[in-house]
Amino acid sequence: DYVDVFADVIKETDVSPPFVASILCSTITELSREGLNSKLLNNNIILETFRLLQSSTIPKESVPIIFRDIMSGNSSDVNMAIKNTNTTSLSDTEIINILQDIIRKNNPLIQNQGERAARPLMGMAMSKLRGKASGQKINHMLNKMLHDIINDK
């Protein structure tokens, strides 16, 4: 029962209540169904994770990754899980460098598909950046870069 920790997270952070509820109700339940131990995820760990999300230390996509690591017994606390799963937020420069590399390697795709290349490129970007930056941020940056390339033709 996560009612108390939900109230604490909402009181102490400005993380979206529906997101918190989704993590506490759906994500943890799904991980438990996979055989992971939800008892390893105490209220302090949950609260600390949302505090780190609040401070932009981690992106929201990393919360399930961190919880999975803790519930599997690989990590005993949030900081250890962040290290084990490499889920700290990347700087914009680091994200741009990764996106530029993806774009460079997929230039023929961009030449052939133009704006439609955004979807497969986003898939490639998320496979490299999941848990390290928000999908929304990655999408915005990628679309801007693509737009600039296509309009420079």
In degrees, nearest ten, helix 92-105 long axis to first principal axis of the chain (Cα)
50 degrees
Relative contact order, percent, of the chain when contacts are C-alpha pairs under 8 Å separated by at least 6 residues?
21 percent
Taking only DSSP H segments of four or more residues, each worth -39500 (n - 2.57), what value at 222 nm results for the chain once the sum is divided by all its residues, to the nearest 500 deg cm²/dmol?
-19500 deg cm²/dmol
Relative contact order [Cα under 8 Å, 6+ residues apart], the range 1-64, whole percent
41 percent
For the range 3-85, shape from the Cα gyration tensor axes a ≥ b ≥ c, cut at a/c of 1.5 then a/b versus b/c, turns out oblate
Return the whole-Å distance between the Cα centroid of the range 45-64 and the Cα centroid of the range 102-120.
32 Å
Applying a 10 Å radius around every beta-carbon, put 42-54, 134-146 in order of their mean neighbour count, most first.
42-54, 134-146
Rounded to whole Å, sorted largest first: equivalent-ellipsoid semi-axes of the chain, Cα gyration tensor:
35, 15, 13
Solvent-free Debye scattering, log10 I(q)/I(0), computed from the Cα coordinates of the range 92-151 at q = 0.13, 0.20 Å⁻¹:
-0.27, -0.65
Could you tell me which residue out of 96, 126, 107 lies farthest along the dipole of the chain toward its positive end? Charges go on the beta carbon: Lys and Arg +1, Asp and Glu -1, centred on the Cα centre.
107
Acute angle (nearest 10 degrees) that the helix 135-151 long axis makes with the longest principal axis of the chain, alpha-carbon atoms
0 degrees
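Only the coordinates and a few stated rules stand behind these numbers; no lab work does. Computed from a predicted structure; not experimentally measured. Quick reminder, even Gly has a Cβ in these numbers, built from the backbone with ideal geometry, and neighbours come from all protein chains shown.
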